[in-house]
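Working notes, structure below.
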Amino acid sequence: MQQLNFPKFKYRFKNTENIVAIFDVIRKKFVTLQPEEWVRQHCVHFLINEKKYPASLINVEKSITVNGLQKRYDIVVFDTKGAIHILVECKAPEVSISQHTFDQIARYNMVLNASFLMVTNGLNHYFCKIDKKAQSYKFLEELPQYKTN
């Protein structure tokens, strides 16, 4: 798989009938290794190992309803009160981050109401802080570190 712009982490692969899978520490199972999954797993480990978010506060690939349509978010990080703190949208490395990507995460966030957004294709990362009162956002250099309330 392609080298990504994330710190390295220890991963586990499994090959069954020529299908390669990677172990997901959040879902606690092997999942088929596709380019977007490679980015997702790097991002999960980045959140846990670099930003120090407990794995127990992270959720991966769950269904939500957006404008009457079933969609799946990539990653959310909850705060200790159960509100969504960070929403992450992952794309495969060959997918350019575009306005369409930001529109997608904005639609998801209308339902999820996260405080921070992250968009990544594994090579380029974008972070935003949402100002819910002003209904605006501000780009950040980094996501905040985890801190207990």
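Got a sec? Which of 124, 109 is under 25 Å from residue 54 (Cα atoms) and surrounded by fewer than 15 Cβ atoms within 10 Å (Cβ to Cβ)? Step through it out loud before you land on a result.
Details: 109 fails: surrounded by fewer than 15 Cβ atoms within 10 Å (Cβ to Cβ).
Result of the check over 124, 109: 124.
Does the range 94-109 include one or more residues that are part of a loop (DSSP other than H, G, I, E, B) and without any contact (Cβ under 8 Å) to a residue 24 or more places away in the chain? Explain how you work it out, then say what you get.
Within the range 94-109, the subset part of a loop (DSSP other than H, G, I, E, B) is 94-98.
Adding the requirement that they be without any contact (Cβ under 8 Å) to a residue 24 or more places away in the chain leaves 98.
Checking the range 94-109: at least one residue is part of a loop (DSSP other than H, G, I, E, B) and without any contact (Cβ under 8 Å) to a residue 24 or more places away in the chain.
Would you please name the residue that is farthest from residue 77 (Cα to Cα), looking only at residues in the range 97-149 that are aromatic (Phe, Trp, Tyr) and at pLDDT 95 or above? Reasoning before the result, please.
Step one: list which residues in the range 97-149 are aromatic (Phe, Trp, Tyr), which gives 102, 108, 116, 126-127, 137, 139, 146.
Remaining after also requiring at pLDDT 95 or above: 116, 126-127.
Details: 116: 10, 126: 16, 127: 14 Å.
The qualifying residue farthest from residue 77 (Cα to Cα) is 126.
Please tell me if residue 66 is closer than 29 Å to residue 148 by Cβ and among the aliphatic types (A, V, I, L, M). Break it down stepwise before answering.
Details: closer than 29 Å to residue 148 by Cβ: no; among the aliphatic types (A, V, I, L, M): yes.
No: the conditions fail for residue 66.
Every residue in the range 110-143 that is assigned to a loop (DSSP other than H, G, I, E, B), of a type in the set (A, V, I, L, M, F, W, C) and closer than 25 Å to residue 2 by Cβ, please.
The first filter runs over the range 110-143 and keeps only residues assigned to a loop (DSSP other than H, G, I, E, B), leaving 113-115, 121-124, 132-135, 141-143.
Subsequent filtering for residues that are of a type in the set (A, V, I, L, M, F, W, C) retains 114, 123, 134, 143.
123, 143, listed by residue number.
Take the range 108-122 and flag every residue that is touching a Lys or Arg at 6+ places or on another chain (Cβ under 9 Å) and under 15 Å from residue 91 (Cβ atoms). I'd like the intermediate steps shown before the answer.
Taking the range 108-122 as the starting set, the residues that turn out to be touching a Lys or Arg at 6+ places or on another chain (Cβ under 9 Å) are 108, 111, 113, 115-117, 119-122.
If the condition is that a residue be touching a Lys or Arg at 6+ places or on another chain (Cβ under 9 Å) and under 15 Å from residue 91 (Cβ atoms), then 108, 117, 119, 120, 121, 122 are the ones that fit.
For the range 38-85, which residues satisfy the criterion of being in contact (Cβ under 8 Å) with a residue 40 or more places away in the chain, surrounded by fewer than 18 Cβ atoms within 10 Å (Cβ to Cβ) and in a loop (DSSP other than H, G, I, E, B)?
51, 52, 54, 67, 79, 80, 81
Could you list all residues from the range 131-145 that are exposed (fewer than 10 other Cβ atoms within 10 Å of the Cβ), within 20 Å of the chain's Cα centre (by Cα) and more than 13 Å from residue 86 (Cα to Cα)?
Selection gives 139, 141.
The values are calculated or read from the model by the stated rules, or taken from the named source; none is laboratory data. For clarity, every value in this text was computed on a predicted model and none was experimentally measured. Positions of Cβ are generated from backbone atoms using ideal geometry, with glycine treated the same way; all protein chains shown enter the neighbour counts.
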